[in-house]
Amino acid sequence: MLHATTQSTDIFICVSGFISLLFAGFQFRKVAQISLNDSPSGTQAPLVAALGIDSARLLFIYEAIREGADSFLLAEYTICLYFLAAFGVVVFCLVSYTNGEFHPSMGGLTAVAFVAGGLTSMLCGLIGMKVAVFSNARTTIMAAGAGNPWTNSFNVAFRAGSVMGFALCGLGMLVLYALAHLFALYYSDWDVPKSGSASKLFECLAGYGLGGSSIALFGRVGGGIYTKAADVGADLAGKVVQGIPEDDPRNPATIADNVGDNVGDVAGMGSDLFGSFAEATCAALVVASNSESLLSAGGWAGLMFPVTISAAGILVCLVCSFVATTIAPVRKEKDIETVLKTQLGITTVILTVVVYFLAVMFLPDTFELTRVSGAGSISFTPIKAWGCVCAGLWSGCLIGFITEYFTSHSYTPVREVAQACETGAATNIIYGLALGYKSAILPVTLISVVVYLSFHLGDMYGVALAALGMLSNLATCLSIDVYGPICDNAGGIAQMAELPESVREKTDALDAAGNTTAAIGKGFAIGSAALVSLALTAAFVTRTSVLERGVNILNPVVFAFLLIGSMLPYWFSAMTMKSVGVAAMEMVKEVKRQFDTIPGLLEGTPGHGPPDHARCIKISTDASLREMVPPATLVMTAPIVTGMFFGVEAVVGLLAGGLVSGVQLAISASNTGGAWDNAKKFVEKGGLFIDMPKRDEVTGEVIRNVDGTPVLVSVRQRKGSECHKAAVIGDTVGDPLKDTSGPALNILMKLMAIISLVFADYFMSINNGQGYLNVPRQGV
C-alpha cells in the first residue's frame with residue numbers, strides 16, 4: 001500500500017477539519033429553520049394555532065435563559081482571560097529557564113501554544129452554550145408540534161449537539177495542526193535525527209493542551225458549582241419543602257437551574273473533552289518525537305499519525321450522524337436510547353476498520369521506540385499501532401455501555417435504588433453509594449487491561465494511541481452529551497410555559513435518555529482522562545529520564561507523595577462539594593424569602609407579582625466565580641510546588657497517586673449521581689410499585705386475611721408520593737457528585753500531568769531534578 005506524504009497528510013487533516021466546521025454550520029441551519037413565533041418564515045410548529053398558547057411567555061423564558069447564560073459566561077471568561085495572561089507569563093518565564101540559562105524561544109512558543117489552547121477551549125465552550133440555548137425552546141416547540149413529535153424534537157436536540165461536537169473537533173484539530181506547522185518553521189531541522197529539535201517542537205506544543213485543560217478546569221468547576229447550586233436550591237426549596245413540581249413557574253430558581261444546564265453541562269463539558277483531545281494528541285507527539293527511526297523513515301506523515309486518527313473520526317462520525325436523524329430516526333419513546341447507543345456502536349465498528357488503513361498508510365513498516373524506562377527499545381509496526389488504538393476504542397465503547405447499565409432505569413441496579421425509596425431517603429442513599437462503588441470495578445479493570453496491552457505493544461506511545469482511540473469518535477460523544485442538557489432545558493421551558501402535560505412527558509423521556517447518555521459520556525471522559533494522564537506522565541518521565549535510574553516506590557519521598565497525590569482528589573472533591581452546599585443554602589434562603597414576601601407567588605394567585613429570577617441567577621454566578629478559584633489553585637500549584645522543592649521523583653509519585661485515586665473516585669461519584677437521578681425519573685414515570693395494606697373504602701380500616709395478616713395491594717408511586725420525596729433527596733445529594741466533583745476530577749488527573757510535562761525542563765534545572773530542598777534521587 002502507498003505511504004502518505006507530507007502533502008497528502010496536510011490535505012487529509014485540513015480537509016477533514018474544514019468539513020467538520022462546514023457540517024456544524026449545516027446542522028445549525030437545520031435547527032435555525034424552526035421559528036419561535038408565529039411569523040410566516042421558518043418551519044412552523046403550530047404551537048399558538050393548535051394549542052392556543054401565547055408564544056410571548058415562551059419567548060420570555062427563552063430570553064431569560066439566554067441572558068443568564070451569556071452574563072455568566074462573560075463573567076467567567078473575563079476571569080479566564082486574566083488568568084491566561086498572567087499564567088502565560090509564568091509559563092514563559094519558567095519554561096525559558098533551563099540549566100541555569102534563559103532560552104526565550106522555548107518559553108515563548110510554549111506560552112503562545114498555551115494561550116492558543118485556552119482561547120480555543122473558550123471558543124468551543126461558547127459555541128456549544130450558544131447553540132444549546134438557541135435550541136432548547138425549539139426542541140420544546142417540536143415536542144408540541146404536528147407530525148411525529150418524537151422524531152422532530154429528537155432531531156432538533158441531536159443536531160444542536162452535533163454543532164458543538166463537530167465545531168469543537170474541527171476547530172481543535174485545525175488550530176493544533178497550524179501551531180505544529182508554525183513551530184516546525186522555527187525548528188526547521190526537526191527531521192534531522194539526534195538534533196533534538198523534534199522533541200523541543202512538540203514539548204512547546206504541549207502548551208496547547210495545558211491551555212485547553214486550564215480553561216476546562218474553570219469551566220467544569222465554575223459551571224458545575226453554578227448549575228448544581230441552582231438545581232439543588234430549586235429542588236430543595238420547591239419540590240422537597242413546598243411540594244411544587246420541578247420547573248414550576250412559581251419557583252424563582254428555575255431560570256437559574258436551566259441556565260446552569262448550559263454553562264456547566266455544555267460549556268464546561270465541551271472544554272473538558274477538548275482538553276482531553278489536545279493533551280492525548282500532544283502526549284503521543286512528544287513520545288513519538290523521541291523515536292529517531294520514526295523521524296527518518298516516517299517523516300512528518302508518521303509523526304502526525306495521532307492527528308489523522310482524529311481526522312478520520314470526524315468523517316466517520318459525520319456519516320453515522322445521518323443514521324440517527326434520517327435513516328433510522330426516533331419514532332417512539334423506546335427508540336430514543338436505541339438510536340443514541342447505535343451511534344456509539346456504528347462509529348466504533350467503522351473506525352476499527354478505518355484505523356487499520358490509516359496505520360498502514362501513515363506509519364513506516366517498522367520503527368524503533370525508546371522504552372520509557374530507557375532500557376533499550378522495542379520494534380513497532382502499523383499492526384501494533386492499530387491494536388493499541390482499537391484497545392482504547394473498544395474499551396471506551398464497553399465502558400460507556402457498562403456505565404449505561406449502572407445508570408439507566410431500564411436495568412436492575414437503578415430499579416433497586418428506586419425500590420429502596422420505599423423505606424425512605426436513607427436507604428436510597430445507601431443503595432446509591434453502593435451502586436457507585438460497585439460500578440467502578442469493571443471500568444477500572446478494562447482500563448487496566450488496556451494499559452497493559454497497549455504498553456506491551458507500544459510502550460507509552462501505545463498508551464497514548466489507546467487514549468486517542470477512546471477519543472476517536474469524540475464528535476459523536478459530544479453530540480450525545482450536549483443533546484441531554486438541551487432536552488432538560490426543553491422540559492423546563494415546557495413546564496414554565498405551562499404547556500400540556502403530553503409535551504412535558506415527551507421532553508422528560510428525551511431527558512431521561514439524555515441523563516443516561518450523559519453518564520455514558522462521563523464514562524468516556526473518565527476513561528480517556530486516565531489514559532491521557534498516564535501518557536502525559538510517561539512523556540514527563542521520558543523528558544526527565546527518571547526511570548533510567550529507577551523509581552523505588554519504597555523511597556520515602558516517592559511513597560510520601562504517592563499518598564499525597566492519592567489524597568488530592570478527596571481534598572478537591574471536598575472543596576467543590578462544600579462550594580455547592582454553601583451556594584445551595586443561599587439559594588434556598590432566597591427562594592423562601594421570595595415565597596414569604598411576594599404575595600400570592602407560592603399559592604399561584606392570579607395577578608401575583610413575578611418571581612425575581614435575576615436575584616437567583618446572581619447568587620449562582622457570584623458563588624461559582626468565588627468558589628472556583630481555590631480548587632483550581634490547588635490543582636495547578638500542587639505539581640509546581642512539588643517539582644520545585646522536592647524534585648522530579650516526588651512529582652512522579654504525586655501524579656501516580658492522583659491518577660490511581662482520581663479515576664476510581666470519579667467513576668463512583670458520577671455513576672452514583674446518575675443512578676439517583678434516573679431512580680427519581682423512574683418513580684416519576686410510574687415505574688415503581690409498592691405493596692401496601694388494602695383499606696376499606698368506607699371506614700379506612702386495614703383489610704386482613706383469615707390469619708390476621710393485612711391484604712396487600714400493589715400501589716403505583718408517582719410525583720408527590722413519599723417514595724418520590726425520598727428519590728428527590730437522593731437526586732439532590734447526587735447532583736454535585738455527578739455534575740461537579742466527579743467530572744472535574746478528570747481535569748485534576750490530566751492537568752497535574754500536563755503541568756508537570758510543560759515545566760519538566762525547569763524542574764530538571766533545579767539541582768539536577770532534586771528540587772530546592774536537594775532531595776536525593778535514586779542512583780544520583
* To do: With only alpha-carbon atoms counted, please give the Rg and Dmax of the stretch 598-669, in Å.
  => 22.8, 69
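Grab the eigenvalues of the alpha-carbon gyration tensor for the stretch 261-379, scale each by 5, take roots, and send me the semi-axes largest first in whole angstrom.
Details: eigenvalues 260, 70, 26 Å².
Square roots of five times the eigenvalues give 36, 19, 11 Å.
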* Just read off the accessible area of T366 with the full protein assembly in place, 1.4 Å probe, to the nearest 10 Å². => 70
* Range of Cα positions in the chain per principal axis (Å), largest first -> 91, 59, 53
* Read phi for every residue in the stretch 640-656 and hand back ³J(HN,Hα) as whole Hz from Karplus 6.51 cos²θ - 1.76 cosθ + 1.60, θ = phi - 60°, with x for Gly and Pro. => 5, 5, 4, x, 5, 9, 10, x, 6, 5, 5, 5, 4, x, 4, 5, 5
* To do: Taking all protein chains together and a probe of 1.4 Å, list K738, K438 from the most accessible to the least accessible.
  => K438, K738
* Asked: Between the helical axis of 55-96 and the dominant principal axis of the chain, each derived from Cα atoms, what acute angle in degrees is found, rounded to the nearest 10?
  -> 20
* Over the stretch 179-302, what percent of the accessible surface lies on carbon and sulfur atoms, probe 1.4 Å? -> 54
* **Estimated D of the stretch 510-574 in µm² per second, where Rh is the Kirkwood radius over Cα pairs and Stokes-Einstein applies at 37 °C, 0.692 mPa s** => 223
* **T6, T544, reordered so the largest accessible area comes first (probe 1.4 Å)** => T6, T544
* Which of the GluC sites (Glu not before Pro) across the stretch 514-622 are loop residues per DSSP, with 11 or fewer other Cβ within 10 Å? -> E603
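With the other protein chains left in place, how much accessible area per residue, in square angstrom, belongs to the chain at a 1.4 angstrom probe?
Working: 26720 Å² over 780 residues.
In whole numbers, the chain has 34 Å² accessible per residue.
Sort Y97, Y431, Y437, Y62 by accessible area with a 1.4 Å probe, largest first.
On the way: Y97 90, Y431 110, Y437 145, Y62 20 Å².
Largest to smallest exposure gives the sequence Y437, Y431, Y97, Y62.
Within the accessible area of the stretch 686-777, what % is carbon and sulfur when the probe is 1.4 Å and the other protein chains stay in place? Please list the in-between numbers first.
Working: 2100 of 3930 Å².
Solvent-exposed carbon and sulfur of the stretch 686-777 make up 53 percent of the total.
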* Roughly how tilted is helix 501-544, in degrees to the nearest 10 and between 0 and 90, from the longest Cα axis of the chain? -> 20
* **Convex hull projection area averaged over all views, the stretch 713-778, Cα basis, nm²** => 8.8
* Structure fact -> Spelling it out for T98: with amide H atoms placed in the peptide plane at 1.01 Å from N, the residues 5 or more places away or on another chain with amide H under 5 Å from its amide H are H103
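Given a 1.4 Å probe and every protein chain left where it sits, what share in percent of the accessible area of the stretch 445-552 is carbon and sulfur? It would help to have the intermediate numbers written out before the result.
On the way: 1340 of 2470 Å².
After summing per-atom areas, the C and S share lands at 54 percent.
The values are calculated or read from the model by the stated rules, or taken from the named source; none is laboratory data. Owing to the predicted nature of the structure, the values given are computational and were not obtained by experimental measurement. Don't worry about glycine lacking a Cβ; one is built from the backbone with ideal geometry, like all the others, and counts go over all protein chains shown. Note: areas computed on protein heavy atoms with side chains; ligands, DNA, RNA excluded. Shrake-Rupley method; radii C 1.70, N 1.55, O 1.52, S 1.80 Å.
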